[in-house]
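The values are calculated or read from the model by the stated rules, or taken from the named source; none is laboratory data. Predicted model, so just to flag it, every value in this text is computed and none were measured. All Cβ positions, glycine included, derive from the backbone under ideal geometry; neighbour counts span all protein chains shown. Ligands, DNA and RNA are excluded from the accessible area calculation, which covers all protein heavy atoms including side chains. Shrake-Rupley method; radii C 1.70, N 1.55, O 1.52, S 1.80 Å.
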Amino acid sequence: MTNSLFCKMLKLAVVACLATSLTHSAPAQSNNKKEAKRSARPPAITTTKWDSMDLGPFFSGYLNSQNPGRPLSQKTISIQLGKDNEAAMAFDTERVRMVHGWTGGFIKLPFRRDGLEGFPEVVGETVFAVPTGPGWAKGGKFEDPRPRFNGNGQQYGPMPRDWAHWRGLYLNGDQVVLSYTVGNCGVLELPGVETAGGVTLLTRTIQMEATPSENALVVLQVDKAQGTVNGNVALLTQGDEATGAALIGSSKGAWDITPEGRLHLKLPKSKETTFKIALWHGPKADTAKFEAAAKAATKIASPKALTKGGPARWTTPVTTKGKLGTGDGPYVVDTITVPEDNPWKSWIRCSGLDFFKDGRVAICSVSGDVWIVSGVDAKLENLAWKRYATGLFQPLGLKIVDDRVYVLGRDQITRLHDLNKDDEADFYENFNNDVSVTSHYHEFCLNLETDSKGNFYFIKGGNLGDAQIPHHGCLMRVSKDGSKLDIVATGHRAPNGLGVGPADQITSADNEGNWVPTSRVNLVKPGGFYGHVFTAHAKETPTDYDKPIFWLPHQIDNSSGGQTWVTSDKWGPFKGDMLHTSYGKCTLFKVMYEEVNGQVQGGVVRFPLNFDTGIMRGKFSPFDGQLYLAGLRVWQSSGAREGAFQRVRYTGKPVQMPKELHVKKNGVEITFTAPLDPATAADAQNYAVDQWNYHWTRDYGSKLYSAEDPDKVLGDKGQATFRGEDVEVKSVKLSTDKKTVFIEIPDVKPVMQMRIRYNIDSADGNQLRQEIFNTINRVPAS
């Protein structure tokens, strides 16, 4: 369906809804004509760029069917059908069921929070719907076997693999072939739409491997309907309307209608077989027309023939020209220009990146796309963006392993395959979909990294209240082969990222909110709990938490991104060090941390760089050794652009920044990357240190509190300027190599937030006016 046609249909639907709403809401008695006229003013229609975007042949997300009694489907693939996209079906990948079918439109994506909050909704007329429960039976039973979380009634996760399992989908042009298993039997299913004698039929063409046992699938349900079966046709009537199903290409299947109005198709054990189910809804008086149309729909396609890759859909790359950064510092920011104006009106909001072996870059967009970018060289003059995949469920992480793209969405990790080598993904494989979901806005699945053993890691947000599923707020690991998911750590609230270091160090970051007094970055231990009580997943309510490496004030980092390690010796003096990104403040930090008697602690210093958007994913290129960053602006961020892909390039000029930070019994030691001027560096008057604590409570964020008097408020989290309690700087000593200063502080004690400011000169005369934000969790004995 064209964008213009979709918009026209959407406007008609909205007008109809408004007319109904206004009729129902008009005052029963009113003599005030002006007031009645004022109350009848229609609300503004709110849209996003998603409304004009070519979403591709399918789109993954939640689905609100707008059908009473049909609950929301949490992991759904909505599929466009027909040459003019005149119909659609939706498949539930958790329960392996075709959950909904309709004509007259596709889906309306939500608009709140730039389209990421809310539910996609069906646009059109329902043909059939399937109630909550498994799509296929086991042992003749359809009872949902999935566990319920802590007795709250919420069932979660995919079906047991020995019952049914989602494998993925194939694309062939605009046709979508679903692949799954039922027991040990592989199934391919091709959704479609046909018209015969003026009657529109939705079709399900199913190709099954040989099965040694009987099977049954649920086809539809019409509550309180009267059902009849006549040969290969089943009819369910309710009042003046009817819903029909016809079995085509098989004489062995048998229809079964339950007292609840649910239609099942029972299948005997058999060799490999292919059959088609034709579905229709219309006036009861037109049932004969449906039966005639079903008799005419004898042609059955082979789903397997469509699994080899088909014609390319987005053949022409979009070209852009990058912009090299300027400045006289050691680092500058280059921009790999995003093609915001592209033929498919794709809303590109960069949410993950990685490198192929040939130097190309894969970028995912939270809007559902994956793009391949070539021409990323020193000059950035000939960039080419090739659309590679579409329709993914709010992807916020991407990793390339053995030159194959893995993308993390809310529903699963998808492994993308280009079967016919035309630079477009043809098979969207379910690598692992064990993660449980609800429809709460905050529970994104974030970042995707691997360790030295090939295991995958990602982190999932919570729902801001008591956990409703076992994965709320957890950092997860998926085995190298995708067969197993397990929980590494708990207690996260809204963690927009993690990192895996060269020695398999795992880090996570969380954002200010309830039980998270301000942004924090953690060095994760297996089994660790990182502060958000609602997602502790513990029998007893925690009274303490694993301490972070550091806290950061709201004004410095109100919304943390992910972490990355410097793997390059071409990026200045920081190889092996960790970097931290701020999505909220669009800034990059150098991390310094140490371990004192088993307790980690540290701090950060900001790079004097500016970025176009909320940076949150970083990778070092194995080709030029520079840092590449992807980011977007959706939730709270000071970023100007909705999506950006940028490079932090080392110019070769001297770097004059802190590199190491160590807490001593009587002070703090800072090591710089270059020699300092003795006159200014050893002058205590050039340093200022203040400190404060936060309160760990269920309140949203925390004020600044005295480290000496826990109830004394020093300032509010939202103040533009802020200050803690002054800490005495007794003296400052400079090492013989002129690179390390020791700031003597009497009686050093643990504190959640310390700030060290200095205004000194480097040995070559450059002014260093910087500040370090650090946390002291443990003071060494000597």
Practice problem: Select from the range 700-718 the residues that are open to solvent by 30 Å² or more (accessible area, probe 1.4 Å) and without any contact (Cβ under 8 Å) to a residue 40 or more places away in the chain and list them in ascending order. | Solution: K703, Y705, E708, D709, P710, D711, K712, V713, L714, D716
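Does Y694 qualify as being closer than 18 Å to L552 by Cβ, of a type in the set (S, T, Y) and in contact (Cβ under 8 Å) with a residue 40 or more places away in the chain?
Values: closer than 18 Å to L552 by Cβ: yes; of a type in the set (S, T, Y): yes; in contact (Cβ under 8 Å) with a residue 40 or more places away in the chain: yes.
Yes; evaluated as a whole, the condition is true for this residue.
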Exercise. Can you confirm whether the range 619-631 contains a residue that is farther than 22 Å from V500 by Cα, of a type outside the set (F, W, Y), in contact with a Lys or Arg (Cβ under 6 Å, 6 or more places away or on another chain) and in a loop (DSSP other than H, G, I, E, B)?
Key: no
Practice problem: Considering only the range 183-196, state which residues are β-branched (V, I, T) and either open to solvent by 10 Å² or more (accessible area, probe 1.4 Å) or in contact with a Lys or Arg (Cβ under 8 Å, 6 or more places away or on another chain) (or both). | Solution: V193, T195
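Inside the range 121-152, can you point out the residues that are charged (D, E, K, R) and either outside any loop (DSSP other than H, G, I, E, B) or touching a helix residue (DSSP H, G or I) at 6+ places or on another chain (Cβ under 9 Å) (or both)? Can you show your working first?
Kept after step one, since they are charged (D, E, K, R), are these residues of the range 121-152: 121, 125, 138, 141, 143-144, 146, 148.
Selection gives E121, E125, K138, K141, R148.
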Exercise. Go through T48, T20, T93, T103 for me and flag whichever is surrounded by fewer than 21 Cβ atoms within 10 Å (Cβ to Cβ), over 22 Å from G282 (Cα atoms) and modelled with pLDDT of 50 or more.
Key: T48
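Residue by residue through the range 473-505, note down the ones that are under 18 Å from T541 (Cβ atoms) and either in a strand (DSSP E or B) or open to solvent by 30 Å² or more (accessible area, probe 1.4 Å) (or both).
Once the filter is applied, which keeps residues that are under 18 Å from T541 (Cβ atoms) and either in a strand (DSSP E or B) or open to solvent by 30 Å² or more (accessible area, probe 1.4 Å) (or both), the range 473-505 yields A489, T490.
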Quiz prompt | Pair list, Cβ < 7 Å and 6+ apart or interchain, from the range 330-358 residues that are at positive phi to residues that are surrounded by fewer than 23 Cβ atoms within 10 Å (Cβ to Cβ) and not charged (D, E, K, R) | solution = K345/S52; K345/M53
Quiz item: Given the residues L609, L552, which is the only one that is surrounded by fewer than 22 Cβ atoms within 10 Å (Cβ to Cβ) and either touching a strand residue (DSSP E or B) at 6+ places or on another chain (Cβ under 6 Å) or free of Cβ contacts under 8 Å to residues at least 40 places away in the same chain (or both)?
Solution: L609
Self-check item: Of all residues making up the range 161-178, the number that are open to solvent by 50 Å² or more (accessible area, probe 1.4 Å) and not in a strand (DSSP E or B)
Solution: 3
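Regarding the range 124-132, can at least one residue be identified that is open to solvent by less than 30 Å² (accessible area, probe 1.4 Å) and under 26 Å from the mean Cα position of the chain (by Cα)?
There is no residue in the range 124-132 that is open to solvent by less than 30 Å² (accessible area, probe 1.4 Å) and under 26 Å from the mean Cα position of the chain (by Cα).
Could you say which residue among V187, V229, V193 is part of a strand (DSSP E or B), of a type outside the set (S, T, N, Q), in contact with a Phe, Trp or Tyr (Cβ under 9 Å, 6 or more places away or on another chain) and within 25 Å of Q80 (Cβ to Cβ)?
V187
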Quiz item: Residue check: is G652 over 20 Å from F607 (Cα atoms), among the small types (G, A, S) and open to solvent by 30 Å² or more (accessible area, probe 1.4 Å)?
Solution: no
Self-check item: Odd one out for M752 among (1) outside any loop (DSSP other than H, G, I, E, B); (2) closer than 30 Å to D677 by Cβ; (3) in contact with a Pro (Cβ under 9 Å, 6 or more places away or on another chain)
Solution: (2)
Exercise. For the range 629-638, state whether one or more residues are more than 27 Å from the chain's Cα centre (by Cα), over 19 Å from W565 (Cβ atoms) and open to solvent by 50 Å² or more (accessible area, probe 1.4 Å).
Key: no
Practice problem: Within the range 55-75, track down each residue that is at pLDDT 90 or above and either in contact with a Cys (Cβ under 7 Å, 6 or more places away or on another chain) or over 15 Å from P110 (Cα atoms) (or both). | Solution: G56, P57, F58, K75
Quiz item: Looking at the range 758-767, is at least one residue of a type outside the set (A, V, I, L, M, F, W, C), free of Cβ contacts under 8 Å to residues at least 12 places away in the same chain and loosely packed, with under 15 Cβ neighbours inside 10 Å?
Solution: yes
Quiz item: Residues in the range 656-664: is at least one over 29 Å from Y687 (Cβ atoms) and part of a loop (DSSP other than H, G, I, E, B)?
Solution: no
Quiz item: Does any residue in the range 576-600 that is in contact (Cβ under 8 Å) with a residue 40 or more places away in the chain and on the phi > 0 side of the Ramachandran plot come within less than 8 Å, Cβ to Cβ, of a residue that is acidic (D, E) and not in a strand (DSSP E or B) six or more places away or on a different chain, and which pairs are these?
Solution: C586/D612
Quiz prompt | Among (1) within 18 Å of the chain's Cα centre (by Cα); (2) within 16 Å of W565 (Cβ to Cβ); (3) open to solvent by 10 Å² or more (accessible area, probe 1.4 Å), the one test that S508 misses | solution = (3)
Self-check item: The listed residue being within 26 Å of L632 (Cβ to Cβ) and either in a strand (DSSP E or B) or open to solvent by 20 Å² or more (accessible area, probe 1.4 Å) (or both), out of T543, T564
Solution: T564
Exercise. Would you mind stating whether T697 is open to solvent by 40 Å² or more (accessible area, probe 1.4 Å), modelled with pLDDT of 95 or more and assigned to a loop (DSSP other than H, G, I, E, B)?
Key: yes
Quiz item: Tally time: how many residues in the range 639-672 are within 26 Å of the chain's Cα centre (by Cα) and of a type outside the set (K, R)?
Solution: 8
Exercise. State whether the residues of the range 459-466 include one that is free of Cβ contacts under 8 Å to residues at least 60 places away in the same chain and of a type in the set (D, E).
Key: no
Quiz item: Tell me, which residue of the range 316-334 that is assigned to a loop (DSSP other than H, G, I, E, B) and out of contact with any Leu (no Cβ under 7 Å at 6 or more places or on another chain) is surrounded by the most Cβ atoms within 10 Å (Cβ to Cβ)?
Solution: P330
Quiz item: Are any residues in the range 736-757 open to solvent by less than 40 Å² (accessible area, probe 1.4 Å) and either of a type in the set (S, T, Y) or in contact with a Cys (Cβ under 8 Å, 6 or more places away or on another chain) (or both), and if so, which ones?
Solution: T740
Self-check item: Among the residues listed as T337, T287, T274, the single one being outside any strand (DSSP E or B), more than 30 Å from K379 (Cα to Cα), β-branched (V, I, T) and open to solvent by less than 50 Å² (accessible area, probe 1.4 Å)
Solution: T287
